[in-house]
Protein chains: 2
Amino acid sequence: MPVVNAIGYIALLLQTTSPVFMANDKEITIYDIAAHLNLSPATVSRGLKDNPAINKRTRKRIQDAAREMGYRFNAFASNLRTKKTFTIGILVPRLNSYFMSAALSAMDTIASGKNYQLMISQSMEHKEKEQSNANMMFHKRVDGLLVSLAADTADLAHFEPFFANKIPIVFFDRVPPTARVSVSIDNYQAARKVTEHLLQQGCKRIMHIGGNKLRNVYADRIKGYKDALVTAGLNPAKELLFVKDELNEAAGLEAARHILQMDKKPDGVFCANDITAVHCIRALKQHGIRIPEDMAFAGFNNDAISCVIDPELTTVNYSGNMVGQIAINTLIDMLEMPGPMDSMLESNKILLQSELVVRASSLRK
Amino acid sequence: MPVVNAIGYIALLLQTTSPVFMANDKEITIYDIAAHLNLSPATVSRGLKDNPAINKRTRKRIQDAAREMGYRFNAFASNLRTKKTFTIGILVPRLNSYFMSAALSAMDTIASGKNYQLMISQSMEHKEKEQSNANMMFHKRVDGLLVSLAADTADLAHFEPFFANKIPIVFFDRVPPTARVSVSIDNYQAARKVTEHLLQQGCKRIMHIGGNKLRNVYADRIKGYKDALVTAGLNPAKELLFVKDELNEAAGLEAARHILQMDKKPDGVFCANDITAVHCIRALKQHGIRIPEDMAFAGFNNDAISCVIDPELTTVNYSGNMVGQIAINTLIDMLEMPGPMDSMLESNKILLQSELVVRASSLRK
DNA sequence: CTGTTAGCGCTTTCAT
DNA sequence: ATGAAAGCGCTAACAG
């Protein structure tokens, strides 16, 4: 019987629950259970895992004893042997965006269903932070990694340890062109569709507000925009492309200021994200520009905010939820694939479709 | 010298970086370093930790060798001995809210600065999920816990293992009344201020749209609202209190429907969160109700959305960032306090102030 | 300043 | 169906 020492005694005074959780300083181990039941630790270990090699009644005795004695599984000891942590690392540019929250939300739901834990950290859009986070994940020995790149990440050197050790990485949303496995939407097609829609509404001078071209999401949208113009026989003019490193509220205000001082103003604007679009619209409206009569507008993401602005914003529905789900399922599949190599060699680039959501901000007919 | 086997060979072909990260299947341990340098594993262990007891030159040799040999620290083995994981568990109702994202963002920044990892999971507002998450955290042996409760959590039984084992918990935002350590804002005072502001604007019939009274945040706001009315000599009428379990977009629409069918409509509405307020306003506007002329409006949270609605929403600025910072700092202080007991016994309820942000939606004079 | 030694708690052959 | 024993990689007495 474990002796209740001074600290345990205080814990005893504090506690308000069944004796199951008594803190005696001494953690219960499988050895304690084994001794208690006159079994070997090996049998207890198997019994706790419901190993069918163990007699059904014995298993039950073991599990009951474990519960009664307040046993808790020690994952470290287990990890030390098995080399698996059931932990997935997640690197994202920022936690506080609507899209990312939805993606993480979906990932968390699926991960806990399959008994994986998530270890989340954000780069704040800086490659240095991304590097140190990746490093930390590597040392914490995550089983796999889900990554959405920072705005200024130019190379993947900081992921080499993962590649070399065959720790699977699934890139999502902000994916590098060289990624072997990635999940994102077809930004090029989506941008084409948006631009074509604005053309159909009669726009002749369409401006694009875009993000850092280092990232596929923004580069592809710019390309889609330009190609749509070319296909329509228009020339993608340089002065109609406005690029900012980060597409936030400030970028929207800046874009508005830029538009207001243009001699020949655009009659349509396709903005690579909703937040920027919304704040740009607000600023333009304050200066008497009518949306969509003077200027049609479209955004990207179908952020909650896009329904709140007046007029409601035409945008691209791009489900963080869906991307998150597919990304983590892909990763877990790789983790649980029996043969270790095969899955790592074949490339798997998933491109999701997105849908144009037409709302009042772009309807001119 | 480690032999490159078949798998290692493929890894070699794949790799594009320095030989530091070669995957030889065999992980480098302190024993390998020790053998390489003709030292004992203990010395290597100390050297890697920059223990001043070790000769400065030896330390350097050890660290250089570690780097060259591609050593990576094995946290499990370390945890197994030291019983500390440098991992903090976080339980939140939902990841995808603006407030929570900001709080997590702040926590992540501070945690990584102090070398802690975060293990985040969400309850989806259900106590069952919260329970299983808490359980998982306990088994993963987090050093401490940060908790914001689900909407329907009625008791804290699932946290007993933590209390009993003296694993510190800091509750934040959605805190239980019985919490020993908690960080939240003064919801009562904030709600009073909002209500008083509406009164000052000439409102005589102020409605309150509130959330689940099980949670302090909503109960306190309701109380603040009622007390402000009483102080002003008004009677908090039952038909002017509209309570929904979850304050989301749907709740806003439902509230609007409710208001539209009221015989004697309110001339002011104080809504316990911005999202609900915004969608309620949108619906009311569509039915010809003018804000603020017919009905003044105020929300809570200063969500990004509150500046996008027209008219802009009067609200309470309640920084997720600040709450997150203080919560995690409080927890880390507890974790790093030398004497284990003292800090756990004293209660520490931090109540932050918030500020009323007056915007057009409530200005009638 | 460095080395020896004995575990931390679990898993896993290999025996029985 | 169960047990014995070795070892995962690190740390902390204790000894020198």
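Bear in mind that the values in this text are calculations on the coordinates, not laboratory data. Keep in mind the model is a prediction, meaning the values are calculated, not measured. Glycine also receives a Cβ, built like all others from the backbone with ideal geometry; neighbour counts cover every protein chain displayed.
Remarks
- The other copies place their residue B:126 label points at 4.0 nm from this one, listed shortest first, where each point is 7 Å from Cα along Cα→Cβ.
- Working note: Cα atoms of segment B:60-214, range along each principal axis, descending, whole Å: 78, 33, 25.
- The coefficient of translational diffusion for segment A:169-216, derived via Stokes-Einstein from the alpha carbon Kirkwood radius under 10 °C and 1.306 mPa s, stands at 125 µm²/s.
- Rg [Å, one decimal], Dmax [Å, integer] - chain A, C-alpha atoms: 27.4, 89
- Debye equation applied to the C-alpha atoms of segment A:248-327, log10 I(q)/I(0) at 0.24, 0.26 Å⁻¹: -1.10, -1.26
- Our Cα-only numbers for segment A:38-101 put the radius of gyration and Dmax at 18.3, 55 Å.
- For chain A, adding -39500 (n - 2.57) for each run of n ≥ 4 DSSP H residues and dividing by the number of residues yields -13000 deg cm²/dmol at 222 nm.
- Restriction of the trypsin sites (Lys or Arg not before Pro) in segment A:132-209 to DSSP coil positions whose beta-carbon has at most 13 other beta-carbons within 10 angstrom yields A:204.
- Across peptide B:67-77, the mean count of Cβ atoms from other chains lying within 10 Å of each residue's own Cβ comes to 4.
- Across the cross-link table entries B:84/B:127; B:129/B:244; A:60/B:26; B:127/B:238, which are compared at the Cα atoms, the separations over 32 Å belong to A:60/B:26.
- Each Lys and Arg Cβ is given +1 and each Asp and Glu Cβ -1; about its Cα centre, chain A then shows a dipole of about 620 debye.
- Here is how far apart the residue B:265 label points are across copies: 3.4 nm, shortest first, using a point 7 Å from Cα toward Cβ.
- Rel. contact order, % - alpha carbon contacts under 8 angstrom, at least six apart, chain B: 16 percent
- 13 Å beta-carbon shell around residue B:263, net charge (K/R +1, D/E -1): +2
- Within straight-line cross-link reach of residue A:365, aspartates and glutamates at Cα separation under 19 Å, skipping those fewer than 8 residues along the same chain: A:196, A:267, A:293, A:294, A:310, A:312
- Using a Förster distance of 35 Å, the FRET efficiency for residue A:40-residue B:69 (Cβ separation, nearest 0.05): 0.40
- The length gained on full extension between residue A:348 and residue A:333, counted as 0.36 nm times the residue separation minus their Cα-Cα distance, comes to 4.2 nm.
- Gap separating the Cα centres of segment A:147-203 and segment B:206-221, nearest whole Å: 42 Å
- Sorted largest first, extent of segment B:167-278 alpha carbons per principal axis (Å): 54, 32, 21
- Kirkwood hydrodynamic radius over Cα pairs of the protein assembly as shown, then Stokes diffusion coefficient at 10 °C and 1.306 mPa s, in µm²/s: 56 µm²/s
- Highest-first packing order for the peptide set A:301-308, B:243-250 is A:301-308, B:243-250, based on the mean count of other beta carbon atoms within 10 Å.
- Placing a label point 7 Å from the Cα of residue B:233 along the Cα-to-Cβ direction, the distances to the matching points in the other copies come to 7.5 nm, shortest first.
- Expressed as a whole percent, the proportion of Cα-Cα pairs in segment B:114-179 lying more than 13 Å apart is 62%.
- Distant alpha-carbon pairs in segment B:221-365 (separation over 17 angstrom), percent: 67 percent
- Of the beta bridges in chain A, as assigned by DSSP with both residues counted there, near 10 percent are antiparallel.
- Residue (of B:66, B:35, B:334) at the positive-pole extreme of chain B, dipole from beta-carbon charges: B:35
- Against the main long axis of the alpha-carbon atoms of chain A, helix A:127-139 sits at an angle near 20°.
- Under-5 Å amide H pairs with residue A:120, H placed in peptide plane, nonlocal only: A:90, B:118, B:120
- Rounded tilt (10° steps) of A:274-286 against the dominant C-alpha axis of chain A: 40 degrees
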